[in-house]
Amino acid sequence: MSVITFICAGQMASAITFPAMENGHEVRLVGSPLDREIIDGLKKDNFHITLKRTLHDGIKYYQIEELEEALEGADAALCGVSSFGLDWFCDEILPVIPESVPLLSVTKGMVDLDDGTLVPYPVIFEERQPEGKNLDINAIGGPCTSYELADHDHSHVAFCGKNMETLKMFKDLLATDYYHITLSKDVVGVECAVAMKNAYALGVTLAVGLSEKMEGKIGIQHYNSQAALFGQSVKEMTKLLQLIGGGPENIVHGAGDLYVTVFGGRTRKIGTLLGRGLSFDEAMEELQGVTLESIVIATRTARAVRKLADRGVVSLDEFPLLMHVDSIINEGAEVNIPWDDFTMIKE
Ligand SMILES: NC(=O)C1=CN([C@@H]2O[C@H](COP(=O)(O)OP(=O)(O)OC[C@H]3O[C@@H](n4cnc5c(N)ncnc54)[C@H](OP(=O)(O)O)[C@@H]3O)[C@@H](O)[C@H]2O)C=CC1
Ligand SMILES: O=C(CO)COP(=O)(O)O
């Protein structure tokens, strides 16, 4: 039995309490400053108000002020913050985690630098820990929606980090007969592949809304258009992965994650509304309160690609879908899929 401290009680961290509890560990779930209501609800009856699942009996719940107590004697910590709380996590939480406690993060995303380099979050965590501190930072990537993990659907994810011994330790802690784990030392490859899929999931799900608009009925689905956008996404993601320096095998994590996000992720909601014809502002208004990292990652990835194009490293016409998604989000463009720009061989 080990003691695992989960920091942030969002949907994904809370879902991972299922394998952790079923493997017999002591689980301490600490809410972020914004999670008070979630923690109050869990303390009452174990029901998680945003995951909409009842967590296992026996989890110890903490508010953020009790973080140090929750870290006392911990063998490992799990970070469940979303992109929107990245600065808070770096500034307030990294200084408090002891070096002896390895960290596993579920946060998917990248930051773009001035020269167009895209840096995944685990690397940002390493850079932003207090000077002289050397935390053992690891991350989870791959297709796994929180509520389906909580429902014990088979999920296959990748744990990545620099130290294989730590990765094996995390796998021992969390692997079950339904939570399958691959280990990888290619942090950049795994994390960039799964971060990018958020931008492209928005692109693919435009087709969901476009079919509904064409048929005049919500719920009517066409798959040719979704498949075409899926294929184009994988093509662009493969190029990006190569540019960023991740191993090509990681496309399996990105493509799998794209699939699950298109069918079951929150990003599907925004792509669908945009495809139906809502403006970006109208769609965002309708989805207030929903965690939508796709907007952040699409914007950052497109900005990075533009900078790389300015430097002559890539050509923008290699990324027509990403550029279209970015123009919808950041320039108020209407949805108008650039089908002809997807051709493999230019005539
Ligand atoms: N949901 C899923 O199926 C999956 C999610 N992930 C990844 O896991 C990460 C978390 O996602 P998920 O759990 O679903 O998201 P949630 O929105 O449910 O949880 C995010 C957590 O971050 C906290 N947070 C958000 N903004 C801030 C802020 N400004 N300051 C401090 N804390 C903040 C949230 O608090 P509060 O809830 O109060 O806003 C919450 O604790 C994301 O990067 C996501 O891509 C990975 C795989 C699957
Ligand atoms: O990352 C996910 C599944 O792997 C979920 O994505 P969303 O944030 O779009 O729900």
Cross-link table Lys197/Lys239; Lys43/Lys108; Lys60/Lys168, entries beyond 18 Å C-alpha to C-alpha: Lys43/Lys108; Lys60/Lys168
To the nearest 20 debye, what is the magnitude of the charge dipole of the chain about its Cα centre, counting +1 on the Cβ of each Lys and Arg and -1 on the Cβ of each Asp and Glu? 720 debye
Using only Cα atoms, find the angle between the long axis of helix 251-264 and the longest principal axis of the chain, and express it within 0 to 90 degrees, rounded to the nearest 10. 90 degrees
Unit-weight point scatterers at every alpha-carbon of the chain, Debye formula, q = 0.06, 0.07, 0.15 1/Å: log10 I(q)/I(0) is -0.21, -0.29, -1.28
Can you list the trypsin sites (Lys or Arg not before Pro) in the stretch 136-171 that are in a DSSP coil and have 15 or fewer other beta carbons within 10 angstrom? Lys162
Measuring from centroid to centroid over Cα atoms, what is the spacing of the stretch 196-212 and the stretch 283-304 in Å? 12 Å
Per-residue [θ]222 nm for the chain (sum of -39500 (n - 2.57) over DSSP H runs n ≥ 4, rounded to 500): -14500 deg cm²/dmol
Regarding the stretch 193-342, what whole-number volume in Å³ per residue does the convex hull of its Cα atoms give? 99 Å³
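With a cut-off of at most 12 other beta carbons within 10 Å, and DSSP calling the residue loop, which trypsin sites (Lys or Arg not before Pro) in the stretch 4-85 qualify? Please list them. Intermediate values should be presented prior to the final figure.
On the way: sites: Arg28, Arg36, Lys43, Lys44, Lys52, Arg53, Lys60; in loops: Lys52.
Counting only loop positions with at most 12 other Cβ atoms within 10 Å, the trypsin sites (Lys or Arg not before Pro) in the stretch 4-85 are Lys52.
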Once the piece of chain linking Leu287 and Arg311 is laid out straight, how much longer is it, given 0.36 nm per residue of separation minus the C-alpha distance between them? 5.0 nm
Simple Cβ-charge dipole of the stretch 1-120, Lys/Arg +1 and Asp/Glu -1, about Cα centre, in debye nearest 20: 640 debye
Mind listing P(r) for the stretch 57-129? All alpha-carbon pairs, 5 Å bins, whole percents. 3, 14, 24, 25, 16, 9, 5, 3, 1, 0
At a 10 Å Cβ-Cβ cut-off, how would you order Ser315, Ser279, Ser32, Ser14, fewest neighbours first? Ser315, Ser279, Ser32, Ser14
If you line up the long axis of helix 11-22 against the longest principal axis of the chain, both from Cα atoms, how many degrees apart are they, to the nearest 10? 50 degrees
Starting from the Cα of Tyr223, move 7 Å in the Cα-to-Cβ direction to define the label point; list residues of the stretch 119-158 whose amide nitrogen is under 19 Å from there. none
Find how many whole Å separate the alpha carbon centroid of the stretch 1-76 from the alpha carbon centroid of the stretch 95-151. 19 Å
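Just the number, please: percent antiparallel of the DSSP beta bridges in the chain, rounded to the nearest 5. Walk me through the intermediate numbers first.
On the way: 9 of 33 bridges.
Bridges in the chain that DSSP calls antiparallel: roughly 25 percent.
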Relative to the chain, whose Cα atoms define the longest principal axis, helix 267-276 and its Cα axis are tilted in degrees, nearest 10, by 30 degrees
Residues with amide H under 5 Å from that of Ser105, placed H, sequence gap 5 or more: Cys79, Asn138, Ala139, Ile140
Out of the GluC sites (Glu not before Pro) in the stretch 60-94, which ones are loop residues according to DSSP with at most 13 other C-beta atoms within 10 Å? Glu72
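None of the figures in this text is laboratory data; all of them are computed from the coordinates on show. A quick note: this is a predicted structure, and the numbers were derived from the prediction, not measured. Note: ideal-geometry Cβ built from the backbone for every residue, glycine included; neighbour counts use all protein chains shown.
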